[in-house]
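Have a look at the structure below, then the notes.
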Amino acid sequence: MSTPPTHDPADRDEERAAHRADSVPEETEAGADDPKRQAEAVLADSDERLEDPSGTRNESTQTPGEE
């Protein structure tokens, strides 16, 4: 019986960053000195917002707060 492969979270982050480094047209037009580092920063920010949606809502100037 074989054991299932273990997936290192760092490998997943690397895959996500590599995929995200393929710029959307607006990013290509604006240019990026280091698309991979830009992708890592975008994904880190996204992860932070997903982990704390209420904190993001309170800090955002774009997201309406609860009334």
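Residues are listed down the side, and each one gets a yes or a no for (1) surrounded by 11 or more Cβ atoms within 10 Å (Cβ to Cβ); (2) at pLDDT below 75:
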position: A21; (1), (2): yes, yes
position: E26; (1), (2): no, yes
position: P35; (1), (2): yes, no
position: V42; (1), (2): yes, no
position: T63; (1), (2): yes, yes
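Go through segment 5-64 residue by residue and tally those that are outside any helix (DSSP H, G or I) and among the charged types (D, E, K, R).
Within segment 5-64, residues that are outside any helix (DSSP H, G or I) and among the charged types (D, E, K, R) number 5.
The values are calculated or read from the model by the stated rules, or taken from the named source; none is laboratory data. These numbers were taken from a predicted model, which means no experiment stands behind them. Virtual Cβ from ideal backbone geometry, glycine too; neighbours counted across all protein chains shown.
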